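As structure tokens, the structure follows; a few thoughts come after it.
The values are calculated or read from the model by the stated rules, or taken from the named source; none is laboratory data. Remember, predicted model here, so these are calculated numbers, not experimental data. When we count neighbours, we look across all protein chains shown, and the Cβ atoms used for this are built from the backbone with ideal geometry, even at glycine.
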Amino acid sequence: MQEAIDILHSFSIETEVNVVSAHRTPKAMVEYAESALERGIKVIIAGAGGAAHLPGMVASLTTLPVIGVPIKSSNSIDGWDSVLSILQMPSGVPVATVALNGANNAGILAAQIIAVHNDGVQHAMQSYKASLKEKVAAMNAELNQ
């Protein structure tokens with residue numbers, strides 16, 4: 001999940017980081033999710049392995065967008081249980097799901113959501129996307145030498 005934090009910081013987006021568990025600390029999870037909007041949180045990124053209930057449970061408790069990061073953990077079935085648990089949400093409780101161990105993309109997606117109403121983040125996102133194009137162009141130039 002550190003990659004999500006790093007990418008958000010690169011866009012100068014303040015982060016709040018907490019460890020909660022849908023199974024081990026359900027009351028803390030409920031308190032966190034239900035109070036996030038009041039605390040000024042714009043997007044929640046929730047990583048989970050194994051049965052991976054955290055993103056869906058958080059999404060059921062808030063109107064904020066929730067991005068789920070499936071984590072390949074020691075007790076997972078090669079990560080597929082986490083992917084499917086987060087991906088297969090019931091109607092009415094959406095969770096945006098990124099790739100297995102895809103915290104970087106979760107951070108980028110969160111920044112894009114925030115950029116809709118934040119010009120500074122929008123400009124930073126535009127620069128970031130331009131830098132991706134430049135990297136590809138540089139790789140092509142290197143190949144053609």
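Restricted to the stretch 4-19, and to residues that are within 15 Å of the chain's Cα centre (by Cα) and assigned to a loop (DSSP other than H, G, I, E, B), which residue is nearest to Ala124 (Cα to Cα)? Restricting to residues being within 15 Å of the chain's Cα centre (by Cα) and assigned to a loop (DSSP other than H, G, I, E, B), the top hit is Phe11. Being in contact (Cβ under 8 Å) with a residue 60 or more places away in the chain, among the charged types (D, E, K, R) and closer than 20 Å to Lys72 by Cβ is the filter here; which residues of the stretch 1-42 pass it? Hits for the stretch 1-42 are Glu3, Asp6. For Ile86, the stated conditions do not hold, so it cannot be described as in contact with a helix residue (DSSP H, G or I) (Cβ under 7 Å, 6 or more places away or on another chain), among the hydrophobic types (A, V, I, L, M, F, W, C) and either assigned to a loop (DSSP other than H, G, I, E, B) or more than 22 Å from Ser60 (Cα to Cα) (or both). Of everything in the stretch 89-145 that is touching a Gly at 6+ places or on another chain (Cβ under 9 Å) and part of a loop (DSSP other than H, G, I, E, B), the residue that is surrounded by the fewest Cβ atoms within 10 Å (Cβ to Cβ) is Pro90. Can you confirm whether the stretch 97-119 contains a residue that is of a type outside the set (A, V, I, L, M), over 16 Å from the mean Cα position of the chain (by Cα) and under 30 Å from Ala52 (Cβ atoms)? So far as the stretch 97-119 goes, yes, one or more of its residues are of a type outside the set (A, V, I, L, M), over 16 Å from the mean Cα position of the chain (by Cα) and under 30 Å from Ala52 (Cβ atoms). So, of the residues in the stretch 38-84 that are farther than 27 Å from Ile13 by Cα and of a type in the set (Asp, Glu), which turns out to be modelled with the highest pLDDT? Applying the filter and picking the extreme gives Asp81.
Residue check: is Gly68 touching a Leu at 6+ places or on another chain (Cβ under 7 Å), small (Gly, Ala, Ser) and under 22 Å from Arg24 (Cβ atoms)? The answer is no for Gly68.
For Asp78, the conditions (1) free of Cβ contacts under 8 Å to residues at least 60 places away in the same chain; (2) crowded, with 17+ Cβ neighbours inside 10 Å all hold with the exception of (2).
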